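Undergrad: My questions all concern the structure below.
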Amino acid sequence: MIEIRLQELLKRECYSCRALSRITGIPYSTLLRMKNGTAQYIQYDHLERLCKALHCEPDDLIAFTRTE
């Protein structure tokens, strides 16, 4: 299972989704889907912008849990 850890990183950096949207240029609705775990995919340019804004690496933002 792949999980997006946006909620944790938002808390760590003290950002709201609206603020992160303004900083990155990523639509607010897209960030909400990522935060709520309903996003179907992540564009590479969004991933890069998120990592820059949240001062993290892709593996901080995306987690993989093996399910049997």
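The values are calculated or read from the model by the stated rules, or taken from the named source; none is laboratory data. What you are looking at is a predicted structure, and each value in this text was computed from that prediction instead of being measured. Reconstructed Cβ throughout: ideal geometry from the backbone, glycine too, with neighbour counts over all protein chains shown. What goes into the accessible areas is simple: the full protein's heavy atoms, side chains included, and nothing from ligands, DNA or RNA. Shrake-Rupley method; radii C 1.70, N 1.55, O 1.52, S 1.80 Å.
Undergrad: Determine, from the Cβ-Cβ distance of Arg22 and Asp59 and an R0 of 30 Å, the FRET efficiency 1/(1 + (r/R0)^6), rounded to the nearest 0.05. Each step should come with its number before you reach the end.
TA: Working: r = 26 Å, r/R0 = 0.85.
Working from the Cβ atoms, E equals 0.75.
Undergrad: Also, quick follow-up: Which listed residue (Tyr28, Pro58, Thr38) has the Cα farthest towards the positive end of the charge dipole for the chain, taking +1 on Lys and Arg C-beta and -1 on Asp and Glu C-beta about the Cα centre?
TA: Checked the options; the winner is Tyr28.
Undergrad: Using the heavy atoms of the protein chains alone and a 1.4 angstrom probe, what is the accessible area of the chain per residue in square angstrom? Don't skip to the answer; put the middle values down first.
TA: Numbers: 4820 Å² over 68 residues.
On a per-residue basis, 71 Å².
Undergrad: Any chance you could look up the accessible area of Glu3 with a 1.4 Å probe, heavy atoms only, rounded to 10 Å²?
TA: About 90 Å², ignoring ligands and nucleic acids.
Undergrad: With only alpha-carbon pairs counted, each pair once and no self-pairs, how large is the Kirkwood hydrodynamic radius of the chain in angstroms?
TA: Mean inverse Cα-Cα distance, inverted, gives 12.0 Å.
Undergrad: Given 0.36 nm per residue, what is the gain on full extension from Asn36 to Glu3 after removing their alpha carbon distance, in nm?
TA: 10.9 nm
Undergrad: Another question, if that's okay. Only four residue types carry charge here, +1 at the Cβ of Lys and Arg and -1 at the Cβ of Asp and Glu. Report the dipole size of the chain about the Cα centre in Debye, rounded to the nearest 20.
TA: Values: 10 positive and 9 negative charges, 76 e Å.
That gives the chain a dipole magnitude of about 360 debye.
Undergrad: A further question on this structure: Of the accessible area of the chain, with the probe set at 1.4 angstrom, what percent is carbon plus sulfur? Don't skip to the end; give the middle numbers.
TA: Details: 2420 of 4820 Å².
With neighbouring chains kept in place, the figure for the chain is 50 percent.
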